[in-house]
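The values are calculated or read from the model by the stated rules, or taken from the named source; none is laboratory data. Every value quoted in this text rests on a predicted model; they were computed, and no experiment measured them. Ideal geometry is used to build each Cβ from the backbone, glycine not excepted, and the neighbour counts take in all protein chains shown.
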Amino acid sequence: MGERRRSDFVTALLTSFALVSTLFVIAAVQVLFHLQLQRFGIIPRTQAGLPGILFAPLLHGSWQHLLGNAAYHPYRTLSFIWLASGVGTWLIGRPGVHIGASSVIFGLAAFLIMAGFLMRSWRAAFIAIFIAICYGGIFYGVLPTEGPISWEGHLCGVLAGIWSVRGVARK
């Protein structure tokens, strides 16, 4: 059993490294070749914005934006939160281009907090409390604001994160 956990950890670590590396490679290519990839972000309720559901979390407006979003995400939960937050943003977003992985980050934070309180584990509860204390303030980002920050993406990420807990709570 201990060997399986070590294998899962190594797999998770490698997956995390690959995802974060991909984000940095895309940003570097964008800078080196002067590409304007933001056009592949989510443009709400337009056909042109549909590819953004898949690509927006890979795109960032600045190095600071990228560094703020670079974090590990589990497979199934990541996939669901990625797609659900993208579809949600596409459906309810304000006109404009929505980019960045913050919707995924918000979704994962919500997932960890909710799962921690629903699972029957002290370790999970401790993680939930830690995340809530350290990152709970980010949830102000789901409140409607003017400006370039996609509160719609943040809100859809949180809702996707909460929704994705349903499978964990049954275990």
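Here are a few things to note about the model shown:
- Subset of segment 9-34 (residues that are at pLDDT below 90 and either loosely packed, with under 11 Cβ neighbours inside 10 Å or not in a helix (DSSP H, G or I) (or both)): PHE9, VAL10, LEU14, ALA18
- Of the helices (runs of 4 or more DSSP H) contained entirely in segment 35-152, not one carries at least 1 residues that are on the phi > 0 side of the Ramachandran plot, crowded, with 16+ Cβ neighbours inside 10 Å and free of Cβ contacts under 8 Å to residues at least 60 places away in the same chain.
- Given (1) touching a Cys at 6+ places or on another chain (Cβ under 9 Å); (2) at pLDDT below 90, index of the condition GLY107 fails: (2)
- Condition met for PRO95 (out of contact with any helix residue (DSSP H, G or I) (no Cβ under 7 Å at 6 or more places or on another chain) and either at pLDDT 95 or above or within 16 Å of GLU152 (Cα to Cα) (or both)): yes
- Complete set of residues in segment 104-121 that are touching a Phe, Trp or Tyr at 6+ places or on another chain (Cβ under 8 Å) and within 17 Å of GLY61 (Cβ to Cβ): VAL104, PHE106
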